[in-house]
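One structure below.
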Amino acid sequence: MSAVLAVMLALGQVAGCASSGGGGPVAQAIDDATITAGVRAAIERDPALKVSELEVETMQGVVQLSGFVGSADSVAAAASVARTVKGVKSVKNDLRLK
């Protein structure tokens, strides 16, 4: 968990520097990486969800969740958790039941 926070802090500092130059592809990629890290951290904090079984990708603020979970409730919970992360514009939920 501390490694995830360290990555988020490091990316957050870099994102702040990169976005001050007016944004662009590099700033967007850094912002997407920050969002991905935030979604992973939020999902990791939920004891019902297992990060190792989920893939999280972000493109221009749109988060895609894929992989397998044990219940329909987990499918809904993962999407709900992802939507709470700052910067997430929408969530594409491609999770499947085991």
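For the reader, a short list of remarks on this structure follows.
- Residues (under 13 Å from the mean Cα position of the chain (by Cα) and surrounded by 14 or more Cβ atoms within 10 Å (Cβ to Cβ)) located in the range 36-54: 36, 37, 38, 39, 40, 41, 42, 43, 44, 51, 54
- Residue 21 being modelled with pLDDT under 90 and surrounded by 12 or more Cβ atoms within 10 Å (Cβ to Cβ): no
- When residues of the range 24-55 are limited to those that are among the charged types (D, E, K, R) and not in a helix (DSSP H, G or I), the one modelled with the lowest pLDDT: 50
- Residue selected from the range 56-98 under the condition charged (D, E, K, R) and assigned to a strand (DSSP E or B), by the criterion nearest to residue 25 (Cα to Cα): 57
- Hits in the range 62-92 (condition: crowded, with 16+ Cβ neighbours inside 10 Å and over 12 Å from the mean Cα position of the chain (by Cα)): 67, 69, 74, 75, 77
- Note on the range 61-77: residues that are of a type outside the set (Ser, Thr, Tyr) and at pLDDT below 95 total 9.
The values are calculated or read from the model by the stated rules, or taken from the named source; none is laboratory data. Treat the numbers as computed from the prediction; the structure is a model and nothing was measured. Neighbour counts are summed over all protein chains in view; Cβ atoms, including those assigned to glycine, are modelled from backbone coordinates with ideal geometry.
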